[in-house]
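Everything on this sheet refers to the single structure shown next.
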């Protein structure tokens, strides 16, 4: 089953998944940082009481390893990490950073890239 999680969430057992697409920057499909945060807040709002959470975004967070590319990350995604405390953030956007992993404020941040990644929750 496929589910759109842009601004929404889904639960599987005791795991909640929520997210936001879009990316900042010039060009088609430009999404403001404020829109990203608003979308993540809406998506997370139905996960009350869920302890295991996975946040999925297209854009990378500010201060992440993916900024090596010269493209700044989203401050709103970093704020959402600190506010919602997801166990894992899966993102893409910077294809050259595929496979990069790090910890930001206790959240495991993974750039899954085009190949994807198998993770244990």
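If the convex hull of the alpha-carbon atoms of the chain is projected onto planes in all directions, what is the mean projected area in square nanometres? Don't skip to the answer; put the middle values down first.
Details: hull surface 29.0 nm².
For the chain, the mean projected area of the Cα convex hull comes to 7.2 nm².
Among 44, 58, the order by Cβ neighbours within 10 angstrom, fewest to most, reads 58, 44. If you plug the beta carbon distance of residue 50 and residue 82 into 1/(1 + (r/R0)^6) with R0 = 25 Å, you get a FRET efficiency near 0.90. Ordered by the count of other Cβ atoms within 10 Å of each Cβ, fewest first, 11, 78 give 11, 78. Compared with the dominant principal axis of the Cα atoms in the chain, helix 75-84 is inclined by about 20°. When only Cα pairs below 8 angstrom with a gap of at least 6 residues are kept, the stretch 9-111 shows a relative contact order of 25 percent.
The modelled label-to-label distance for the pair residue 2/residue 96, using points 7 Å beyond Cα in the direction of Cβ, is 3.1 nm.
In degrees from 0 to 90, rounded to the nearest 10, what is the angle of the helix 33-44 Cα long axis to the longest principal axis of the chain? The angle comes out near 20 degrees. Counting neighbouring Cβ atoms within 10 Å and putting the fewest first, the residues 3, 42 line up as 3, 42.
Only helices enter the 222 nm calculation for the chain: every DSSP H run of n ≥ 4 contributes -39,500 (n - 2.57), and dividing by all residues gives -5500 deg cm²/dmol, rounded to 500.
Read-outs: derived from the displayed coordinates by stated rules, not from any lab. Please read these numbers as outputs of a predicted model, since none were measured by experiment. Here the Cβ is made from the backbone with ideal geometry for all residues, glycine too, and neighbour counts use every protein chain on show.
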